[in-house]
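> Structure incoming, see below.
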Amino acid sequence: MHGRNSNPKPYKIAILWRGDAEARRAATPQNNRFFRIFEELAAIGINAEPAVYDEEFAAEVREQLLTDDGVLVWVDPIHQGKTRAALDALLRNVASRGPWVSAHPDVILKIGVKEVLYRTKHLGWGSDTHLYRNAAEYGAAFPRRLQSSGPRVIKQNRGNGGQGVWKVEQIPTGTGALDTVRVLHAQRGSIPEDLPLQEFMASCEPYFAWGGRIIDQPFQPRLPDGMIRCYMGMDKVVGFGHQFIKALIPPPPEGPDSPAAQPGPRIMHGADAPPFQALRAKMETKWTPQMMEVLAIDRRSLPIIWDADFLYGPPTASGEDSYVLCEINCQFVLCGPGSGSGCDRPLGVEAIIERAAGVHDPRSMIGRIISEIAWRKAEIMEGGTRPGRARAGETVSNCLLRWRSYPSRVPSPGWRRPPGAE
């Protein structure tokens with residue numbers, strides 16, 4: 001890195017995402033949703049190159065990655081029916097030969113799967129969480145648990161976008177028998193269904209083949225109060241996003257495609273936002289270090305950027321909020337241009353670099369930069385403003401014009417306006 005690294009060889013990383021052969025041929029640092037990351041890294045002398053991946057040309061991607069110093073991976077666990085099984089094997093091989101990989105597949109298997117909810121349930125973020133390793137355990141324990149403890153949430157071990165996450169509740173009968181349940185899938189557009197319990201449970205058995213586990217948590221009644229996404233740069237909180245989600249909430253009478261059934265915008269806040277300081281303190285001083293100890297993860301192995309999603313739990317005896325972990329994301333964490341955000345806080349990349357001065361681990365510096373991108377580039381979120389960032393009464397289009405007025409912040413060719421911007 002220019003002025004920061006005594007090694008004269010430019011530091012080179014690959015940014016990897018999934019695409020087809022044509023996307024790989026056409027990829028440049030400017031024509032994809034990660035363009036701002038490419039720009040910010042280039043500004044400090046880090047050469048970042050696209051690495052579009054698919055199983056059809058995996059060998060070609062592997063040879064490319066072996067020429068890099070590191071790899072930043074943005075690939076969902078499940079995408080159009082494809083899993084990460086082949087990719088994870090490739091990334092393990094690459095990491096064994098020298099380049100660092102973030103997030104490393106072995107770390108993902110510790111924190112980026114739903115099993116982490118069970119393994120860390122004794123921490124302050126935990127709840128009455130259970131794990132089923134096979135269909136027999138599931139069949140023996142789940143019906144009794146559902147009957148005795150109220151609505152539950154079933155989660156496949158690896159998934160995204162609400163796939164394999166179900167709210168399950170007993171339908172009362174005069175006899176008290178548990179024959180029929182009402183289930184609601186977390187994927188957008190889902191509606192409640194009444195099914196025989198055994199039929200629903202049989203439909204979940206394929207989850208054991210892919211993720212090897214099913215996780216069972218109590219349904220959180222405060223779900224309508226929204227979800228808090230805590231963005232982490234390695235072991236430090238770098239920002240928060242609050243969103244009124246609709247997953248696992250029955251749609252209104254107008255139907256699942258109606259405006260009222262859609263999730264609200266994710267409102268972004270900095271790490272120092274007053275409403276979230278109690279959560280920040282717990283994450284930095286207690287829960288993250290405790291998780292690292294339980295899962296045997298050292299700091300250098302943590303993903304460069306990851307996030308933890310929390311729901312509000314029952315208020316404490318003193319009336320304070322409690323927080324329940326519902327998942328950790330470290331396989332596709334992105335917030336900023338291309339993910340629904342559109343405006344930039346007037347803070348230059350120079351300030352980011354200055355805060356990273358003296359850090360000799362390039363992963364740490366990259367993490368800080370990407371973490372800044374993850375929330376500082378989001379003044380305006382799809383139809384809503386971020387409190388304390390956008391100017392009072394400012395529209396999306398006006399903010400975009402102001403953003404573009406900063407000479408160093410003219411959007412790259414790959415930039416697109418958020419929905420609703422004029």
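Values in this text are rule-based calculations from the coordinates and carry no lab data. What you are looking at is a predicted structure, and each value in this text was computed from that prediction instead of being measured. Glycine gets a Cβ as well: all are built from the backbone with ideal geometry, and neighbour counts include every protein chain shown.
> Would you mind computing Rg(Cα) / (2.2 N^0.38 Å) for region 51-193, counting N as its residues?
Against the empirical 2.2 N^0.38 Å value, I get 1.36 for region 51-193.
> Can you compute the equivalent ellipsoid semi-axes for region 12-102, i.e. the square root of 5 times each eigenvalue of the Cα gyration tensor, sorted largest first and rounded to whole Å?
20, 16, 11
> Give me the orientation-averaged projected area of the Cα convex hull of region 128-218, in nm², one decimal.
Averaged projected area of region 128-218's Cα convex hull equals 5.5 nm².
> Based on other C-beta atoms within 10 Å, arrange R299, R158, R25, R188 from fewest to most.
Lowest to highest Cβ neighbour count: R25, R299, R188, R158.
> To make sure I understand, if each residue's beta carbon is the centre and we count other beta carbons within 10 Å, what order do W287, W74 fall in, fewest to most?
Taking fewest neighbouring Cβ atoms as first place, the list is W74, W287.
> Given C-alpha coordinates of region 180-323, what is the ratio Rg to Rh with the Kirkwood estimate of Rh?
Looking at region 180-323, the ratio lands at 1.01.
> I would also like to ask the following. Any chance you could run the full-extension gain for D272 through L178? It's 0.36 nm times the residue separation minus the Cα-Cα distance, nm to one decimal.
29.1 nm
> By counting other Cβ atoms within 10 Å of each Cβ, how are D106, D309 ranked from fewest to most?
D106, D309
> Measure out, as a whole number of angstrom, how far apart the alpha-carbon centroids of region 63-130 and region 189-224 sit.
23
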